[in-house]
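Engineer: Let me give you the structure first, and then I'll get to my questions.
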Amino acid sequence: MPRLMTFARRLIDGWALLGGGLLALLVLVNVWTVVGGLVGMPFTGDFDLTQICVAAAAFMFLPYCQLHGHNVTADIFTAKIGARSRRILDAIAASVALGFAAILLWRMFLGLLDQKAYGLSSTILQIPIWWAYLPIVISLALLVAAALITLADEIRGRS
């Protein structure tokens, strides 16, 4: 089990880095669009790519944030409580995150199947919409794993 958790942690970290790389490529596309527009060679379909890539990248960061405790918290309310109480609250938060991640994974997977069946595609580049769902579903599966890891860490008393 420790090796599996170590693998999952590395996978989650790598997935977040891939999301950052995706955003970096998107920045280059948008620079190309602006500069190319000035010289008569714009990037056609930049809006399609921006919509798809930003949505995918945002989901790609969620497992990392859960795993490393970088989600938004209201520390002002818990600043003066003891370590045991904080661990209990963190375990509850990890349980809630696990529940929401599982529901989102389930519904997003069904959405992927629906989009594939409908055959919709983006306006300019004609990219099938369901392709955007693939990294999102993977991200949500990793979010489930991250929530399980953080819950296990809180139960064992390690955070």
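Just so it is clear, none of the values below were taken in a lab; they were calculated from the coordinates. Fair warning: this is a prediction, and the values are worked out from it, not measured in the lab. In this analysis, Cβ positions are derived from the backbone assuming ideal geometry, glycine residues included, and neighbour counts consider all displayed protein chains.
Engineer: Nearest 500 deg cm²/dmol is fine: what mean residue ellipticity at 222 nm does the chain get from its DSSP H runs of n ≥ 4 alone, each adding -39,500 (n - 2.57), divided by its residue count?
Structural biologist: Details: 4 runs with 122 residues, N = 159.
Counting only the DSSP helices, I get -28000 deg cm²/dmol.
Engineer: More than 15 Å apart: what percent of Cα pairs in region 67-159 qualify? Please report the intermediate quantities before stating the final value.
Structural biologist: Values: 2849 of 4278 pairs.
Here the tail beyond 15 Å accounts for 67 percent of pairs.
Engineer: Let me ask another. Would you please report the Å³ per residue occupied by the convex hull of the alpha carbon atoms in region 7-89? Please report the intermediate quantities before stating the final value.
Structural biologist: Details: hull volume 9.8 nm³, N = 83.
Taking only Cα atoms, region 7-89 has a hull volume of 118 Å³ per residue.
Engineer: If you split all Cα-Cα distances of region 1-49 into 5 Å bins from zero, what percentages do you get per bin, shortest first?
Structural biologist: 6, 19, 16, 14, 10, 9, 9, 6, 6, 4, 2, 0
Engineer: Now for a separate question. Lys/Arg Cβ at +1, Asp/Glu Cβ at -1, dipole of the chain taken about the Cα centre: which of Ala101, Leu11, Ala83 is farthest positive-ward?
Structural biologist: Ala83
Engineer: Can you compute the modelled spin-label distance between Val96 and Phe77, with each label point 7 Å from Cα toward Cβ, in nm?
Structural biologist: Those two pseudo-labels are separated by 0.7 nm.
Engineer: Could you tell me the distance between the Cα centroids of region 1-59 and region 87-101, to the nearest Å?
Structural biologist: 29 Å
Engineer: In nm, to one decimal, how far is the Val27 label point from the Thr6 one, both placed 7 Å along Cα→Cβ?
Structural biologist: Distance between label points: 3.3 nm.
Engineer: So, one more: Over all distinct alpha-carbon pairs, what is the Kirkwood Rh of region 1-152 in angstrom? Please list the in-between numbers first.
Structural biologist: Working: mean 1/r = 0.0573 Å⁻¹.
When all Cα pairs of region 1-152 are included, the Kirkwood radius is 17.5 Å.
Engineer: While we're on this one: What longest region of the chain stays clear of trypsin sites (Lys or Arg not before Pro) that DSSP places outside H, G, I, E and B and that have at most 14 other Cβ atoms within 10 Å?
Structural biologist: On the way: sites that count: Lys80, Arg158.
Longest gap between qualifying sites, sites excluded: 1-79.
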